[in-house]
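Note sheet for the following structure.
The values are calculated or read from the model by the stated rules, or taken from the named source; none is laboratory data. Note that the structure is predicted; figures quoted are calculated from it, not measured. In this analysis, Cβ positions are derived from the backbone assuming ideal geometry, glycine residues included, and neighbour counts consider all displayed protein chains. Surface accessibility is based on the protein's heavy atoms, side chains included, excluding ligands, DNA and RNA. Shrake-Rupley method; radii C 1.70, N 1.55, O 1.52, S 1.80 Å.
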Amino acid sequence: MTRTGELSTLLAPDLVDSWSEYQETVGPEAAREDSDAFAAGIYRKGWPHIFPPPLFSSEFVDELSHAARTVVGLLRAVPERVFGGDFAAWMEFQGLTREESELLTRSLNKRNLQMASRFARPDFVLTTGGPKVVEVNVSAPLGGMNTVDPYVKQFRSSGYFRHLQEAGYDVSAPEMRSIWGEAFQSLVRPRQSDGRPVVFEAIADSNDINSGRQAFEKLVGSFGFAYANGLVQDLDVRADGVYYEGRRVDVVFTMYTWLETRKFVPAEITIGLMEADAAGLVDFIAPPTSALFDHKANLELLTSDSFAECFTGAERDFIRRYVPRTFRVTEETAPEALADQSRMVLKPGSDYGGRGIVFGDRVSGEEWSTAIDAAAAGSGFICQQRLEELWTGQGFNGTEYRDHYVCLGPLVFADKYAGTFVRWADAASGNVVINVKQGAESGALLAGHAAAVRRSS
């Protein structure tokens with residue numbers, strides 16, 4: 001349970017009981033109707049949303065923004081500081097296969113390295129000791145991009161928000177769209193075009209081809225781009241440019257992960273698009289280079305004493321505060337993972353969606369031993385220190401208040417904080433993998449504060 005002293009640190013202290021006060025003011029039925037209207041307005045199939053949202057303090061949001069930008073900056077410094085620019089050594093450290101290393105080596109140039117960490121989302125789980133980084137997602141497509149702005153907009157149309165305004169309060173959140181657009185447009189090079197430049201939303205898995213793409217179409221359209229989408233495998237790379245169904249494409253935006261690249265996209269297609277980008281025929285955003293920064297094994301580089309000299313004293317203090325100990329599972333480290341089973345979480349280094357995660361304290365000794373042995377025999381798995389004393393936020397489900405575990409994913413685009421993707425899971429459900437694909441609810445981070453006083457001119 002949350003202790004009272006923590007509320008003033010994380011939540012806006014004056015607004016902790018604001019939903020209860022709203023219910024008392026308008027009555028339970030009106031509050032329920034407001035909740036239903038919010039759910040209908042924000043509806044997206046398969047994505048349950050949080051309402052009412054927790055209202056965080058501005059001070060905490062500032063801390064989270066700083067922590068997110070700092071950890072992304074530390075990862076960006078890893079290849080030079082830790083490996084002296086030896087990318088082959090970095091790939092070997094991550095346990096990449098020969099085929100993966102060959103493809104990523106082909107991607108290494110100044111422009112691709114600039115793009116590689118342009119779009120990032122560290123994930124922080126809230127504990128009673130503050131937010132802790134459990135992974136850093138570095139990829140062109142990021143969960144939450146289609147949630148943050150619509151959620152904030154829908155909340156501002158709610159009766160609950162009007163109640164807050166009448167009481168002299170406001171909520172704030174960055175406009176994700178404008179910050180993403182600035183980062184995106186900085187990577188798009190001017191070229192001759194008969195009309196609006198075309199952004200092609202590239203999909204790798206044919207099972208995703210019919211899923212709704214309206215949000216991204218609207219996003220790029222707001223910056224003056226025409227839009228098309230389809231399988232990346234169906235792009236036609238020619239000597240004079242890249243085409244889709246005979247239409248010239250100016251930007252290929254990869255709406256798929258490194259895992260999907262390996263599973264669905266032949267290497268020659270990725271190489272062809274990288275070569276077209278290098279020739280200035282298309283903007284390929286982003287090449288697979290970002291996978292190097294996305295791998296969870298990088299957190300070992302931050303937390304292991306073996307690499308401490310690569311960071312300043314202030315950086316080491318930051319790492320100790322925000323990043324739990326993480327290490328690759330190898331034959332050498334397997335004994336530690338086995339001995340500390342109850343304090344460990346086993347994770348695949350480059351999967352997503354909360355898949356493949358094993359909590360040591362939730363399985364038998366035999367099951368844990370089998371999992372660790374398999375991880376050590378292969379490559380690409382990490383163990384991470386299990387977080388103690390998870391912070392819980394109270395959510396109202398229409399009938400009662402229930403405690404929820406919270407994961408915050410601040411979006412960082414070109415070093416700028418662009419808002420936070422919020423997920424929480426009912427603490428009583430037993431689900432400690434706080435991911436929408438695992439049943440969590442989602443939303444956007446809102447800072448609650450006194451409304452600014454307008455001065456008459």
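What are the residues in the range 386-402 that are in contact (Cβ under 8 Å) with a residue 12 or more places away in the chain and either closer than 21 Å to Gly129 by Cα or in a strand (DSSP E or B) (or both), if any?
Arg386, Leu387, Glu388, Glu389, Leu390, Trp391, Thr392, Gly393, Gln394, Gly395, Phe396, Arg402, listed by residue number.
Within the range 227-236, how many residues are open to solvent by 10 Å² or more (accessible area, probe 1.4 Å) and either at pLDDT below 95 or not acidic (Asp, Glu) (or both)?
Summing the residues that are open to solvent by 10 Å² or more (accessible area, probe 1.4 Å) and either at pLDDT below 95 or not acidic (Asp, Glu) (or both) in the range 227-236 gives 6.
Within the set of pairs 6 or more residues apart or between chains, which connect a residue that is part of a helix (DSSP H, G or I) inside the range 259-286 to a residue that is surrounded by fewer than 20 Cβ atoms within 10 Å (Cβ to Cβ) and acidic (Asp, Glu) with Cβ atoms less than 7 Å apart?
Leu259/Asp351; Glu260/Asp205; Phe264/Asp205
Quick grid of which residues meet (1) open to solvent by 30 Å² or more (accessible area, probe 1.4 Å); (2) aromatic (Phe, Trp, Tyr):
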residue: Glu33; (1), (2): yes, no
residue: Ala40; (1), (2): yes, no
residue: Ser57; (1), (2): no, no
residue: Gly73; (1), (2): no, no
residue: Phe83; (1), (2): yes, yes
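Among (1) in a loop (DSSP other than H, G, I, E, B); (2) open to solvent by 70 Å² or more (accessible area, probe 1.4 Å); (3) within 23 Å of Thr147 (Cβ to Cβ), there is one condition Tyr256 misses while meeting the rest; what is its number?
That leaves (2) as the condition not met.
Please determine whether any residue of the range 149-166 is closer than 30 Å to Pro266 by Cβ, under 27 Å from the mean Cα position of the chain (by Cα) and not hydroxyl-bearing (Ser, Thr, Tyr).
For the range 149-166, residues closer than 30 Å to Pro266 by Cβ, under 27 Å from the mean Cα position of the chain (by Cα) and not hydroxyl-bearing (Ser, Thr, Tyr): absent.
Checking Ser379 against (1) open to solvent by 40 Å² or more (accessible area, probe 1.4 Å); (2) under 24 Å from Trp424 (Cβ atoms); (3) part of a loop (DSSP other than H, G, I, E, B); (4) touching a residue at least 40 places away in the same chain (Cβ under 8 Å): exactly one of these is not met. Which one?
(2)
For Ala239, which of the numbered conditions (1) over 24 Å from Ala183 (Cα atoms); (2) modelled with pLDDT under 95 fails to hold?
All conditions are met except number (2).
Taking the range 403-417, which residues are surrounded by 16 or more Cβ atoms within 10 Å (Cβ to Cβ) and either among the acidic types (Asp, Glu) or not in a loop (DSSP other than H, G, I, E, B) (or both)?
Asp403, His404, Tyr405, Val406, Cys407, Leu408, Gly409, Pro410, Leu411, Val412, Phe413, Tyr417
What number of residues within the range 180-208 are assigned to a loop (DSSP other than H, G, I, E, B), at pLDDT below 90 and surrounded by 13 or more Cβ atoms within 10 Å (Cβ to Cβ)?
Qualifying residue count for the region: 1.
Mind checking which residues of the range 303-318 are open to solvent by 30 Å² or more (accessible area, probe 1.4 Å) and of a type in the set (Phe, Trp, Tyr)?
Within the range 303-318, Phe307 is the sole residue that qualifies.
All but one of (1) under 25 Å from the mean Cα position of the chain (by Cα); (2) crowded, with 19+ Cβ neighbours inside 10 Å; (3) in a helix (DSSP H, G or I) hold for Pro53, so report the exception by its number.
It is condition (3) that Pro53 fails.
Given the options Ala116, Ala89, name the one that is in contact (Cβ under 8 Å) with a residue 40 or more places away in the chain and in contact with a Phe, Trp or Tyr (Cβ under 6 Å, 6 or more places away or on another chain).
Testing whether each residue is in contact (Cβ under 8 Å) with a residue 40 or more places away in the chain and in contact with a Phe, Trp or Tyr (Cβ under 6 Å, 6 or more places away or on another chain) leaves just Ala116.
Any idea which residue in the range 272-285 is nearest to the chain's Cα centre (by Cα), counting only those that are closer than 19 Å to Gln114 by Cβ and open to solvent by 10 Å² or more (accessible area, probe 1.4 Å)?
Within the range 272-285, the match that is nearest to the chain's Cα centre (by Cα) is Met274.
Just to be sure, is Val358 touching a Leu at 6+ places or on another chain (Cβ under 7 Å), open to solvent by 20 Å² or more (accessible area, probe 1.4 Å) and without any contact (Cβ under 8 Å) to a residue 40 or more places away in the chain?
Yes.
Looking only at the range 152-176, count how many residues are farther than 17 Å from Pro53 by Cβ and open to solvent by less than 70 Å² (accessible area, probe 1.4 Å).
1
Could you please give the count of residues in the range 418-456 that are part of a strand (DSSP E or B), of a type in the set (A, V, I, L, M) and free of Cβ contacts under 8 Å to residues at least 40 places away in the same chain?
Adding up the residues that qualify gives 1.
Given (1) of a type outside the set (A, V, I, L, M, F, W, C); (2) within 27 Å of Trp424 (Cα to Cα); (3) at pLDDT 95 or above, where does Glu315 come up short, assuming only one miss?
Checking Glu315 against (1) of a type outside the set (A, V, I, L, M, F, W, C); (2) within 27 Å of Trp424 (Cα to Cα); (3) at pLDDT 95 or above, the one that fails is (2).
What is the residue count in the range 86-99 for residues that are among the small types (Gly, Ala, Ser) and touching a helix residue (DSSP H, G or I) at 6+ places or on another chain (Cβ under 6 Å)?
0
Out of Ser107, Ser101, Ser117, report the one residue that is over 22 Å from Ile434 (Cα atoms) and open to solvent by 20 Å² or more (accessible area, probe 1.4 Å).
Ser101
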